[in-house]
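Notes to accompany the following structure.
Every read-out reported here was derived from the displayed coordinates using simple, explicitly stated rules and does not represent laboratory data. These figures come from a predicted structure and were not determined experimentally. Neighbour counts are summed over all protein chains in view; Cβ atoms, including those assigned to glycine, are modelled from backbone coordinates with ideal geometry.
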């Protein structure tokens, strides 16, 4: 479950507070992911000074997240469909038909699908991700460097000066522009776009989650610090696996877990990788022995 810092930030550099998605690995099942989430959420020790973690700790439910692993979790859920987010499927007929079949599966599970929705400013929100990232980068790297005890580098300006002075040692293949540009106006604009786009869509239509194929909605979720979970949904025409993403507003992890788990139990798409090509390579190379 991705979220704006339900887990600890100590000894990490949050380049963009909105976009911190720490701590969640790729898991085999929704259940595995939930157990990991239960293990890493919360504020411990030094994280009491971390505003991001404190801000999201209010959403952590008593009793943890495993209680929301419900096979009937789709029942009564309002799921939004934004067709603009389906463009990444392209002309892959297998992927298209699979996704449409899954929408029927969601309905059979008791979900209410609200189709053909639009996210206002969707392109601008997605393209604002990098601008917002560099805007907050200076703020948080300064805070991180200032806490270091044994380092002579105490601020971003120290880091820039060090890189310039030791450019040959650092072997920088790029300039310092990424360090230097930071405009707070980008953050304010991003917050406004998010409120008028994704948040308005979710609240106006009383949605529990937004459904999209693959990673198409990831930028929108990331820039707003919204949670999301991707569940295996099938294989494209090249036999490459893809997933269905369920994203929601802040604090909606319990509903997302119910939805994702119920969908997973109804479909059971995931297949363990066979690594046939890898095994064949190992067999081919096993005949060669190197002695030293």
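What list do you get for 242, 162, 198 if you sort them by fewest beta carbons within 10 Å?
Ordered by Cβ neighbours within 10 Å, fewest first: 162, 242, 198.
Summary of packing: across the peptides 111-119, 219-227, 202-210, the per-residue average of other C-beta atoms within 10 Å ranks them, highest first, as 219-227, 202-210, 111-119.
How do 218, 97 rank when sorted from fewest to most other Cβ atoms within 10 Å of their own Cβ?
On the way: 218 18, 97 11.
Listed from fewest to most nearby Cβ atoms, that is 97, 218.
Working from Cα pairs under 8 Å separated by at least six residues, relative contact order for the stretch 80-123 is 65 percent.
So how do 100, 31 line up by other beta-carbon neighbours within 10 Å, fewest first? List each step's numbers first, then the result.
Details: 100 11, 31 16.
Going from sparsest to densest Cβ surroundings: 100, 31.
To the nearest 0.05, how large is the calculated FRET efficiency for residue 120 and residue 96 if R₀ is 25 Å and r is the Cβ-Cβ distance? Once rounded, the FRET efficiency stands at 0.45. So if we plug the beta-carbon distance of residue 274 and residue 31 into 1/(1 + (r/R0)^6) with R0 = 22 Å, what FRET efficiency do we get, rounded to 0.05? Working from the Cβ atoms, E equals 0.45.
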